[in-house]
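Colleague: Handing you a structure now.
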Amino acid sequence: MRTLFLAAALLATTATAQTPLEAPLPPVRPWHGASEKLVAKPTDPWITPAEASAFATTPSYAETRIWLDRLVAASPLLTIETFGKSPQGRDLYAVRAHKGAAGKPVVLVQAGIHAGEIEGKDAGLMLLRDIALRGKDSLLDKVDLVFVPIYNVDGHERSGPYNRPNQRGPRDMGWRTTAQNLNLNRDYLKADAPETQAMIGLIRRLDPVLYLDLHVTDGIDHRYDVTYAFSGWRGYYARSAAIGRFLDTRLRPAMDAALKRGGHTPGYYVSTLDNREPEKGMSQDVDTPRFSTGYGDIAHIPTVLVETHSLKPYRQRVLGTYVFVEEALRIAAGQASALRTAIDTDRADRPATATMTWRANPTPLYSVDFLGLAHDNYLSPASGRDELRWLPKPLTFRMPVFGSLPDKVVTLPTAWWVPATLPHVIDLLKLHGIRYETVDATRTLDLDMARATEPKLQAASEGHVPLDATIVHERCRETMPPGSVRVPADQPLGLLAAFLLEPESEDGVLAWNMAPAMLARTEYIEGYAIAPLADRMLATDPKLKAEFDAKLAADPAFARDATARLQWFYARTPYYDARYLLYPIGREVN
């Protein structure tokens, strides 16, 4: 629930006022399922910290590492490695579960990218124990498991009882963002955070056949306890078409069946159009490459987002996550060849176009029988309006699911040219494994260049001040200095390069304002110089005069602004800075 029922808390008994202020959550619905058998008995010497607390708490970073080090020492199937450092100096580490011959496919599972959404960690500890010591080592016959128990390690240690007011347990949970206040699940493509850079390095080294990103979602109340999503759900929006088909036609049916056997209720990730009126519908979004699923889609990595439901008890959420990860290992092991074929097919694809942005489609894609809960409204003294209140009564209704239509579609060039003056962009290319050629001598080329018109800086977000602009393309003679790079589109990661470098990309260099110098204009012209020059231009150029008169008629604010009028003429003189608002990355087109 995103709505806080503080009014109800304030109207409660005097005794309540003596306890810590907690956000009242909707009623808990009783749950029992076969997956409860996965919980260790209290006398088990390998009970996990969460199990030992009856899932009331989750262990700290240090407690988690101590428990895992002890488990790794007890089993030849497990090893542990550090793959990066956080800004506060903590190790980013992963546990590898392996047996038999080397070179098997890898399933990469990460927990705690949002460190308050942490049941993936506790589910993973249980599963690793059961693989290493409780007879489930056959899961490793054909695949390896690489498990990152805590991805956002600094956020994990910013722990407290008030971090996620919409979530039912554990008692103390971590923080959503990192010590640098960056959201790691908005950072995959721009890769500002050292944690992201380390994870991208791990992904490239492992080349997983399946990548699971474990989360918890809030929003509305409903009966689903394990929701998930991937690009290609029901055949929609997969840029990696073969991978999308595999996930939709092979993984999804098997996963739903396994979750149901465990007593869980699976469904598509629930994101409603209006949380106050959920019956209006939910959305199936096209993920951008800032997210794990969007990044995996354009990098041709089978990626699944897992979102258990925050209003379900922590115990239930941990067990549902355990079932999901275990079944993912079985699917990857049983169909590794089909997965690898899908990956190779998509990496061999060379699309001619790419959709950079999307717009809402007012017509539903489809409808589903939604397993919801009843609700009513009450007048809140605090808000002064009717607020939604969830009830424990099941309510099934037909839910429309809305999608998107292509908005900005670009034809991909033969290559992109990144000047040596953008070394941080070249570093990003290297980080992501995008192939490029460095030139050691000056090159002068005819390139398609983009100019940002009507640029507007947006509110600060994710360590940047994003830029919104209308893009106009023009042909330019460009000089690329030594150290500049040519990025061919004809490569397995050509689509990833496109989303990073194309000026229309909503997650690229221009949108994140990674080339801010293009916004600075250096020279200017005084009024005593430009006014008589503009008068002469008007008198001698009929075409220019007609264009100016049309501008005056169409834009009254411009017509009243003497400075803007003179600037309009200045921009049409040879004195004007031709590089002002010119996006410095060029496109090589035939």
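Colleague: On a 0 to 90° scale, report how tilted helix 314-334 is relative to the longest principal axis of the chain, with both axes built from alpha carbons and the result rounded to the nearest 10.
Modeller: The helix 314-334 is inclined about 80 degrees to the chain.
Colleague: Please state the Cα pair-distance histogram of the range 202-276 with 10 angstrom bins from zero: what percent is in each bin?
Modeller: 16, 42, 34, 8, 0
Colleague: Still on this structure, please answer the following. Carbon and sulfur together cover what percent of the accessible area of the range 542-590 at a 1.4 Å probe radius? Walk me through the numbers before you get to the answer.
Modeller: On the way: 1700 of 2950 Å².
Its accessible area is 58 percent carbon and sulfur atoms.
Colleague: Further question on the same structure: To one decimal place, what orientation-averaged projected area in nm² is obtained for the convex hull of the Cα set of the range 390-438? Before the final figure, lay out each step's value.
Modeller: Details: hull surface 34.3 nm².
For the range 390-438, averaging the hull's shadow over all directions gives 8.6 nm².
Colleague: Now a separate question. Nearest 10 degrees, 0 to 90: what angle lies between the long axis of helix 119-133 and the longest principal axis of the chain (Cα atoms)?
Modeller: 50 degrees
Colleague: Kindly write out, for the range 390-395 in residue order, the coupling ³J(HN,Hα) from the Karplus curve 6.51 cos²θ - 1.76 cosθ + 1.60 (θ = phi - 60°), rounded to whole Hz, with x marking Gly and Pro.
Modeller: 7, 10, x, 7, x, 9
Colleague: Cut-off under 21 Å on the C-alpha distance; same-chain residues fewer than 8 positions from K312 excluded. Which lysines are left, in chain and number order?
Modeller: Candidates past the 8-residue exclusion: K37, K121, K260, K393.
Colleague: For the chain, what is the accessible area per residue in Å² when the probe is 1.4 Å? Kindly include the intermediate steps, with their values, before the conclusion.
Modeller: On the way: 25160 Å² over 590 residues.
Accessible area per residue, the chain: 43 Å².
Colleague: In whole Å, what is the distance between the alpha-carbon centres of the range 498-528 and the range 297-368?
Modeller: So the separation of the two Cα centres works out to 34 Å.
Colleague: Jot down the per residue volume, in cubic angstrom and as a whole number, of the convex hull over the alpha-carbon atoms of the range 503-550.
Modeller: 123 Å³
Colleague: How big is the Kirkwood radius of the range 176-323, worked out from every pair of different alpha carbons and given in Å to one decimal?
Modeller: Numbers: mean 1/r = 0.0618 Å⁻¹.
About 16.2 Å for the range 176-323.
Colleague: Okay, moving on. Under 28 Å between alpha carbons, and skipping anything fewer than 8 positions from K430 in its own chain: which lysines qualify?
Modeller: K85, K104, K190, K408
Colleague: What translational D, rounded to a whole number of µm²/s, comes out for the chain from Stokes-Einstein when the hydrodynamic radius is the Kirkwood one over Cα pairs, at 25 °C and 0.890 mPa s?
Modeller: Numbers: Rh = 26.7 Å.
For the chosen part, D equals 92 µm²/s.
Colleague: On the first, second and third principal axes, largest extent first, how far apart are the outermost C-alpha atoms of the range 290-435 in Å?
Modeller: For the range 290-435, the Cα extents along the three principal axes come out at 60, 43, 32 Å.
Colleague: Put a dot 7 Å past each Cα toward the Cβ at R521 and R579; how far apart are the dots in nm?
Modeller: With each label point 7 Å from Cα toward Cβ, the separation is 1.7 nm.
Colleague: Using only Cα atoms, tell me the angle between helix 336-348 and the longest principal axis of the chain; keep it within 0 to 90° and round to the nearest 10.
Modeller: So the helix axis and the longest Cα principal axis differ by about 0 degrees.
Colleague: Between the range 560-590 and the range 108-183, what's the alpha-carbon centroid distance in Å?
Modeller: Result: 51 Å between the Cα centres.
Colleague: Give me, ordered by chain and number, the residues 5 or more places off G84 or on other chains with an amide H under 5 Å from its own placed amide H.
Modeller: Amide H neighbours of G84, under 5 Å, 5+ apart: L92.
Colleague: In whole percent, how big is the carbon plus sulfur part of the accessible area of the range 345-480, probe 1.4 Å, protein atoms only?
Modeller: About 53 percent, which is the carbon plus sulfur part of the accessible surface.
Colleague: DSSP loop GluC sites (Glu not before Pro) in the range 486-590 with at most 10 other Cβ atoms within 10 Å of their Cβ, which ones? Intermediate values should be presented prior to the final figure.
Modeller: Numbers: sites: E504, E506, E523, E526, E547, E588; in loops: E504, E506, E523, E526.
Passing both the DSSP loop test and the Cβ count: E523, E526.
Colleague: Hey, another quick one. Would you kindly derive the ³J(HN,Hα) couplings of the range 27-44 from the backbone phi angles with the Karplus curve 6.51 cos²θ - 1.76 cosθ + 1.60 (θ = phi - 60°), listing them in order in whole Hz, with x for Gly and Pro?
Modeller: Working through the residues one at a time gives x, 7, 8, x, 9, 9, x, 4, 5, 4, 5, 6, 6, 5, 6, x, 8, 5 Hz.
The values are calculated or read from the model by the stated rules, or taken from the named source; none is laboratory data. Here the structure is a predicted model, which means the values were calculated and not measured. All Cβ positions, even for glycine, are placed from backbone atoms using ideal geometry, and neighbour counts span all protein chains on display. SASA here: full protein model, heavy atoms, side chains in, ligands and nucleic acids out. Shrake-Rupley method; radii C 1.70, N 1.55, O 1.52, S 1.80 Å.
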